[in-house]
Amino acid sequence: MRIYIISVGKVKEPYLKDGIKEYARRLKPYTTLRVVEVPDERAPPGVSTRQEEEIRKKEGNHLRKAIPPDAFVITLHPGGEGLSSEEFADRIRTWEIEGPHTIAFLVGGELGLSKEVISTSGYTLSLSQMIFPHQMARLMLLEALYRAFRHLRGEPYCR
């Protein structure tokens, strides 16, 4: 299984960079992982609703260009389906066995994802009903993937 995490913008905080790097390392025995950062569009102070949507559309175009042609697209959005860790692991198991064998998780920028990106994805996942910074969502997704693979292999999570 190949997993792409395609995100808008660069991670700036050292603690998040370190966490992302650590979970990417931990996932190596379980999957082929590629973390891709696409350019973000800066929102000027006092940005209007129309400008926000234009920014989301531009970032959505950057995201779409980075998606591998054979990938099943999953968007991260608070309005998506919320799964327990076990349910997420079961979903990963299904994808491992039945396919799709390439998955692209899309993480929006500070303004989120455009309606077009969300509506054209194959699945929308919510990491939580709470809203977290988009950079933190990358780390949370990697941790959830690592936990799922450990669970599927019957390995203890905490060590």
Taking the residues in segment 120-143 that are modelled with pLDDT of 90 or more and in a helix (DSSP H, G or I) as candidates, determine which candidate is farthest from G9 (Cα to Cα). E143
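Name the one entry in G99, G109 that is at pLDDT below 95 and within 12 Å of the chain's Cα centre (by Cα). Break it down stepwise before answering.
On the way: G99 fails: within 12 Å of the chain's Cα centre (by Cα).
On inspection, the qualifying residue turns out to be G109.
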Hey, E87 more than 14 Å from the chain's Cα centre (by Cα) and closer than 22 Å to L145 by Cα or not: yes
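Kindly indicate which of S121, S48, S114 is buried (at least 16 other Cβ atoms within 10 Å of the Cβ), among the polar types (S, T, N, Q) and farther than 19 Å from A144 by Cβ.
Details: S121 fails: farther than 19 Å from A144 by Cβ; S48 fails: buried (at least 16 other Cβ atoms within 10 Å of the Cβ).
Among S121, S48, S114, only S114 is buried (at least 16 other Cβ atoms within 10 Å of the Cβ), among the polar types (S, T, N, Q) and farther than 19 Å from A144 by Cβ.
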Filter segment 144-155 down to residues that are free of Cβ contacts under 8 Å to residues at least 60 places away in the same chain and part of a loop (DSSP other than H, G, I, E, B) and give me whichever is surrounded by the most Cβ atoms within 10 Å (Cβ to Cβ). E155
Has segment 25-42 got any residue that is among the basic types (K, R) and touching a Lys or Arg at 6+ places or on another chain (Cβ under 8 Å)? yes
Give the residues of segment 32-91 that are closer than 19 Å to I5 by Cβ and among the charged types (D, E, K, R), sorted by residue number. R34, E37, D40, R56, E59, R64, K65, D70, E81, R91
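For (1) without any contact (Cβ under 8 Å) to a residue 40 or more places away in the chain; (2) of a type outside the set (F, W, Y); (3) farther than 25 Å from Y30 by Cβ, each residue gets a yes or a no:
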residue	(1), (2), (3)
P100	yes, yes, no
A104	no, yes, no
V107	no, yes, no
S128	no, yes, no
F132	yes, no, no
Q135	no, yes, no
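The values are calculated or read from the model by the stated rules, or taken from the named source; none is laboratory data. Keep in mind the model is a prediction, meaning the values are calculated, not measured. Cβ atoms come from the backbone with ideal geometry, glycine included; neighbour counts cover every protein chain shown.
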